[in-house]
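The values are calculated or read from the model by the stated rules, or taken from the named source; none is laboratory data. Note that the coordinates shown come from a computational prediction; the quantities given were computed from them, not determined experimentally. Here the Cβ positions follow ideal geometry from the backbone for every residue, glycine too, while neighbour counts run over all protein chains shown. Ligands, DNA and RNA are excluded from the accessible area calculation, which covers all protein heavy atoms including side chains. Shrake-Rupley method; radii C 1.70, N 1.55, O 1.52, S 1.80 Å.
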Amino acid sequence: MASGGYRNGTQKVQALRTSSSFKSKLPPSVSSNGRRSSTIDAVYGRVRVAVRLRPRNAEELAADADFADCVELQPELKRLKLRKNNWDSDTYEFDEVFTEFASQKRVYEVVAKPVVESVLDGYNGTVMAYGQTGTGKTYTLGRLGDEDVSARGIMVRSMEDILANICLETDSVSVSYLQLYMETIQDLLNPANDNIPIVEDQKTGDVSLPGATIVEVRDQQSFLELLRVGEAHRYAANTKLNTESSRSHAILLVQIKRSVAGREADFSAETDHSSHLTINYKPPMLRKGKLVLVDLAGSERVNKSGSEGHMLEEAKSINLSLSALGKCINALAENSAHVPVRDSKLTRLLKDSFGGTSRTSLVITVGPSPRHRAETASTILFGQRAMKVENMLKIKEEFDYKSLSKRLEVQVDKLIAENERQQKAFETEVERIRLEAQNHVIEAERNYAEALKEEKMKCQMEYMDSIKKLEEKWSLNQQKPTNNARTDGTSITEEVSELKMLLQNEMQTRKAAEEEIYKLKDQLHMLTKPGSAGGNSDILNLQSMLEEEIRQKKRLEEEVIVLRSQFSQLTMEAGQRTSYLDRSRNGTGLPGLDSLSPLRNLHCKDATNGERSSITNLHEQVGLHKILSLLESEDATVRIHAVKVVANLAAEEANQEKIVEAGGLNSLLMLLGNSVDETIRRIAAGAIANLAMSEANQELIMTQGGIALLAVTAADAEDPQTLRMVAGAIANLCGNDKLQTRLRSEGGIKALLGMVRCRHPDVLSQVARGIANFAKCESRASAQGQKAGRSSLIEDGALTWIVQNSNNEASMIRRHVELALCHLAQHEVNAKDMISGGALWELIRISRDCSRDDIRSLARRTLTSSLTFQAEMRRLRIEL
């Protein structure tokens, strides 16, 4: 008999295999005009079948040592030879042939990955393992890979690919894990749910399990936990063929919902040319794919497995369901008019996988033992028949109305909130304009009263000057003839009459202006009432008119005051001259002249009473409590001068204790936290920095929440001098060993590092000083055994900035940074981070080139005492 003959229509299978492979992609549904069709197109594709050979186990190595394997694989030709005897064999071809050495990854990429990709595109997909018990079905499909990552099965790898290719914000993945045991569908995630019905849609024919537990998966770890829970509840038993023989069919259902990105935008772009003002509310498309992973229980012969009692009933149920599946495969392969799908619940569940709309891949597992040649031949023939089954693949898309509704609700909420904000802003603006106009009116009235008072005083002074001038004129007029005096009196009387008329005209003008102002006030009051008509433009016009009227009123008042003064002066002068002329005729003098003599000696007193005392002795003359009370003055200028005095006093160590005892520290902290004046904040921060030079004051600053206020100021301030003062205060606190933990926990270190954004040399110098102080305290605590673990500076990300500025051009910055590097390097646990961050090179440079001998020797000692640094320098072949 000729060996190597083909059976079961191998040439036909070859033609089918060459037409498409496992790695073929499903073509997209595209219509002739280039746009995706609105209907769901179909793509035909047959079931792909791969065969996997299990290596011999220990029992087979002992029992079949003298016998050759019944299976010979030719993977390069995708062929399998099944030996009949020593000289004859049957040859079969499959879509893929895996030897016993094939890796789990390769099996997944060839068999299951194309199916997973189709499911992500919106198709249904099925991956199933079929074979004799003990041939590796569960290993191929459901291996978790806890001990060996490379041993992960198709279930685990499929979920990894799915999670890597979806967006969890818009897409969703949910799983159900079931088992078919004794023709009963049971929930492996909820064992109490042990009889789940199968429901078929009469229109579409889709199969659903309404009672199954559905769990949404967000990450791989939670999926692995679900698989472990399911495997713990799955039925298994020990038989002669397999120590852990599955007694049920395991089914993992994975539902994927993906939003079709860009489709709605494309549709809108095509229709925009017809209407630019129409808003497109077309709902987004949603693709639904279902992946079914089936780990079938192994077919077995009772005389070989040794099943008895209940296990015998289990074996019968398994064989009946597999037999029903085989009948369906045969009917589909032969294009029979009747397919007995309803003979078993297994065939009903897999209705869509064979002859339906699902893309299906089948892995048949066989063993090499010649003792099980009949079971191996049955498995191979099952795979050959399955290769003839064709499915009609359909993509599943639908409109996501829920997403559209949610999006529109969010948009409506945003518009409502925006409308409320605009309404509130409008009301606030109207109120602001009303208050501003009211303040302007009050200010104008106050200015008018002050100007009137000043003019009154001015008139009194001018009146006194006029008296003096009249006395002088009187003395001169005594020497003039009487007729000249009468002529002068007549001219003065005419001038007085003319001034009276001008004064009356000005008073009438002033009265008309006042009436106009009151009228404008009433109009403004009506416009600023809630609910009054009018807008911002009317209010602004009225406001400008009111200001113009106020200026005109002020100008008229000044002219009236001047005219009144001139009128009073001329009236008095005329009266004096008339009286003089009358009395000169009678030979009497002017009475009351002697009473005016005290006015000639009127003069102003000097406002200053001596030189101002120095700031050093100011608190002794005025009192420290009085100075501190001025810090709470409402006048900003007073507060600025007061805080300057306190800052200067705090610069002297002798005054610091007095300031703290008098409550000065608390007042400075309140100013720093509450004041919006940048000058006050800068001077207050400087005063706190001066007080922070004392160790006793440092603890008080921390107790009163000073570090939190300094951190807030550091985040808000933009002025380099303010940041310099704040950085100086924090730098002083960094030098206290007792405050290290609180300083970091309350945000002091992060605030110090955040101020490097300023880039001002003075600010960077204080930041570097603070880092050096903190590193020195940490080094001291590590040497005393009070601190373990990495430096807090390294954990907060300060190492990068330290390395970058270790060779800064500014000597003060460079010196502090070099000291900080040396102190950090003294703790061995920081060595690895410093090497990876490039600090080793800077330490070597410091040990060689630093201008200060003490820092250079400290860096050298640190490098020579560290085993980690020594090992790295030996590796790099660097010598000190």
Count - residues of the stretch 321-365 that are in contact with a strand residue (DSSP E or B) (Cβ under 6 Å, 6 or more places away or on another chain) and farther than 24 Å from residue 253 by Cβ:
0
Give me the residue from the stretch 727-738 that is of a type outside the set (Asp, Glu), open to solvent by 10 Å² or more (accessible area, probe 1.4 Å) and in a helix (DSSP H, G or I) and, out of that set, farthest from residue 716 (Cα to Cα).
738
Which condition number in (1) among the polar types (S, T, N, Q); (2) open to solvent by 70 Å² or more (accessible area, probe 1.4 Å); (3) outside any loop (DSSP other than H, G, I, E, B) is the one that residue 86 fails?
(3)
Could you tell me which of the residues 319, 330, 335 is more than 58 Å from the chain's Cα centre (by Cα), assigned to a helix (DSSP H, G or I) and either of a type outside the set (Phe, Trp, Tyr) or surrounded by fewer than 17 Cβ atoms within 10 Å (Cβ to Cβ) (or both)?
330
Just give me the residues in the stretch 441-467 being open to solvent by 70 Å² or more (accessible area, probe 1.4 Å) and touching a residue at least 24 places away in the same chain (Cβ under 8 Å), in sequence order.
452, 458, 463
Count, please, the residues in the stretch 453-467 that happen to be in contact with a helix residue (DSSP H, G or I) (Cβ under 7 Å, 6 or more places away or on another chain) and over 24 Å from residue 554 (Cβ atoms).
3
Residues of the stretch 209-237 being of a type in the set (D, E, K, R), out of contact with any strand residue (DSSP E or B) (no Cβ under 7 Å at 6 or more places or on another chain) and in contact (Cβ under 8 Å) with a residue 40 or more places away in the chain, which ones?
218, 219, 228, 231
Can you pull out every residue in the stretch 338-378 that is among the charged types (D, E, K, R), in contact (Cβ under 8 Å) with a residue 60 or more places away in the chain, closer than 29 Å to residue 289 by Cα and assigned to a helix (DSSP H, G or I)?
345, 348
Unmet criterion (only one of (1) crowded, with 19+ Cβ neighbours inside 10 Å; (2) in contact with a helix residue (DSSP H, G or I) (Cβ under 7 Å, 6 or more places away or on another chain); (3) under 26 Å from residue 319 (Cβ atoms)) for residue 157
(3)
Do the conditions hold for residue 60, that is, is it part of a helix (DSSP H, G or I) and acidic (Asp, Glu)?
yes
So which pairs qualify, if the first residue must be in the stretch 770-796 and farther than 24 Å from residue 693 by Cβ, the second must be assigned to a helix (DSSP H, G or I) and of a type in the set (Phe, Trp, Tyr), the Cβ gap must be under 9 Å, and the two must be at least 6 apart or on different chains?
791/774
Any idea which of 767, 803, 763, 817 is surrounded by fewer than 23 Cβ atoms within 10 Å (Cβ to Cβ) and aliphatic (A, V, I, L, M)?
803
Among the residues of the stretch 279-287, is any among the hydroxyl-bearing types (Ser, Thr, Tyr) and at pLDDT 65 or above?
no
I'd like to check something: does the stretch 60-68 contain any residue that is without any contact (Cβ under 8 Å) to a residue 40 or more places away in the chain, under 27 Å from residue 289 (Cβ atoms) and either open to solvent by 70 Å² or more (accessible area, probe 1.4 Å) or in contact with a Cys (Cβ under 9 Å, 6 or more places away or on another chain) (or both)?
no
For the stretch 356-372, name all the residues that are open to solvent by 20 Å² or more (accessible area, probe 1.4 Å) and under 17 Å from residue 128 (Cα atoms).
357, 359
If I filter the stretch 163-180 for residues that are assigned to a helix (DSSP H, G or I) and either open to solvent by 30 Å² or more (accessible area, probe 1.4 Å) or under 25 Å from residue 54 (Cβ atoms) (or both), do I get at least one hit?
yes
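Scan the stretch 198-208 for residues that are touching a strand residue (DSSP E or B) at 6+ places or on another chain (Cβ under 8 Å) and either in a loop (DSSP other than H, G, I, E, B) or more than 20 Å from residue 126 (Cα to Cα) (or both) and report the count.
3
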Does the stretch 346-355 contain any residue that is of a type in the set (Gly, Ala, Ser), at pLDDT below 90 and either at positive phi or open to solvent by 50 Å² or more (accessible area, probe 1.4 Å) (or both)?
yes
Residues being part of a helix (DSSP H, G or I) and at positive phi: count how many of those fall in the stretch 741-785.
0
If residue 102 meets every condition in (1) assigned to a helix (DSSP H, G or I); (2) farther than 23 Å from residue 232 by Cα; (3) open to solvent by 10 Å² or more (accessible area, probe 1.4 Å) apart from one, which number is that one?
(1)
Looking at the stretch 397-421, which of its residues are aromatic (Phe, Trp, Tyr) and open to solvent by 100 Å² or more (accessible area, probe 1.4 Å)?
401
Give the residue, chosen from 109, 117, that is surrounded by fewer than 21 Cβ atoms within 10 Å (Cβ to Cβ), free of Cβ contacts under 8 Å to residues at least 12 places away in the same chain and part of a helix (DSSP H, G or I).
109
The one condition in (1) within 19 Å of residue 822 (Cα to Cα); (2) open to solvent by less than 40 Å² (accessible area, probe 1.4 Å); (3) in contact with a Gly (Cβ under 9 Å, 6 or more places away or on another chain) that residue 776 fails to fulfil
(2)
How many residues does the stretch 630-689 hold that are open to solvent by 50 Å² or more (accessible area, probe 1.4 Å), among the small types (Gly, Ala, Ser) and in contact (Cβ under 8 Å) with a residue 24 or more places away in the chain?
1
